[in-house]
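Pasting a structure here, questions to come.
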Amino acid sequence: MKILVIGSTGRTGRHVLAQGVRRGHEITAFARRPELLTGRDGLAAVHQGDARDLAAVRTAVHGQDAVIAAVGGSEIARTLIAAMRESGVRRVVMTSSRSVPATRPRLPVTLAWLFFREAYVDLARAEGMLQVSDLDWSIARGTMLTDRPGAGRVHVDFEANATGGAMQLSRSDYAMALLDTAEDPSLIGKALGVCGPK
């Protein structure tokens, strides 16, 4: 597939780039500061721009089969939806947080919302925008991300609350799950919770 990765210089985005290239996809990086890309070997292209800039996103999206947004938020979702509609690109996977829909365990979720309320409200808004778009969307809600080595597997479920996975999730494994989701048409129109394996 031809896949555009937005947020490609972030700690998760870098894993998506490397793993996507290893899988044989034609990977295009999109970043505000592409000079921060540590390796460009195997990339099909690199686009510089702000993910809230419609013209820049439109140029990068053109000709892609799918978009993985390794960074979330309502402004990015709004721009991305508009650019994808104009370009006729339908498949999009966007990151979000497991805390957005979660109600259990009660104390950790309450504390997370207390400290990150503004960010979670914005992610919830972005999710809603995707869900009412006419795109082939998937939302991957990650748990607590770490920079530990990946396990090579994740726990995925479709409930509001985690039902068996570990709360900590390596960014490498999260990137793996984002690519798996982009490749799997059965996950179109679904929001999945991605946890670490137990």
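Take the residues in the stretch 176-198 that are outside any helix (DSSP H, G or I) and aliphatic (A, V, I, L, M), then tell me which one is farthest from Arg11 (Cα to Cα).
Ile188
Starting from the stretch 116-129, keep only residues that are within 13 Å of Ala77 (Cβ to Cβ), then list their pairs with residues that are among the small types (Gly, Ala, Ser) and part of a helix (DSSP H, G or I) whose Cβ atoms are within a distance under 6 Å, requiring at least 6 positions of separation or different chains.
Hits for this filter: Asp122/Ser74; Arg125/Ser74; Ala126/Ser74; Ala126/Ala77; Met129/Ala77.
Can you pull out the strands (runs of 3 or more DSSP E) entirely within the stretch 1-95 that have at least 1 residues that are within 23 Å of Asp180 (Cβ to Cβ), among the β-branched types (Val, Ile, Thr) and at pLDDT 95 or above?
2-6, 26-31, 66-69
Taking Leu111 and the conditions (1) buried (at least 18 other Cβ atoms within 10 Å of the Cβ); (2) without any contact (Cβ under 8 Å) to a residue 12 or more places away in the chain; (3) aliphatic (A, V, I, L, M), which numbered condition does it fall short on, given that it satisfies the others?
Here Leu111 meets the rest and fails (1).
A follow-up question, please. Checking the condition among the small types (Gly, Ala, Ser) and either open to solvent by 60 Å² or more (accessible area, probe 1.4 Å) or in contact (Cβ under 8 Å) with a residue 60 or more places away in the chain (or both), which residue from Gly10, Gly39 passes?
Gly10
Residues that are closer than 21 Å to Glu75 by Cα, among the small types (Gly, Ala, Ser) and crowded, with 18+ Cβ neighbours inside 10 Å: does the stretch 184-192 have at least one?
Yes, some residue in the stretch 184-192 is closer than 21 Å to Glu75 by Cα, among the small types (Gly, Ala, Ser) and crowded, with 18+ Cβ neighbours inside 10 Å.
Can you tell me which of (1) open to solvent by 60 Å² or more (accessible area, probe 1.4 Å); (2) of a type in the set (D, E, K, R); (3) at pLDDT 95 or above; (4) assigned to a helix (DSSP H, G or I) is the one Asp173 doesn't meet?
Here Asp173 meets the rest and fails (1).
Search the stretch 117-170 for residues being open to solvent by 50 Å² or more (accessible area, probe 1.4 Å), part of a loop (DSSP other than H, G, I, E, B) and more than 20 Å from Gln19 (Cβ to Cβ), and hand back the single one that is modelled with the lowest pLDDT.
Looking at residues that are open to solvent by 50 Å² or more (accessible area, probe 1.4 Å), part of a loop (DSSP other than H, G, I, E, B) and more than 20 Å from Gln19 (Cβ to Cβ), I get Thr163.
The values are calculated or read from the model by the stated rules, or taken from the named source; none is laboratory data. Please read these numbers as outputs of a predicted model, since none were measured by experiment. Positions of Cβ are generated from backbone atoms using ideal geometry, with glycine treated the same way; all protein chains shown enter the neighbour counts. Calculation scope for accessible area: heavy atoms of the full protein, side chains included, ligands and nucleic acids excluded. Shrake-Rupley method; radii C 1.70, N 1.55, O 1.52, S 1.80 Å.
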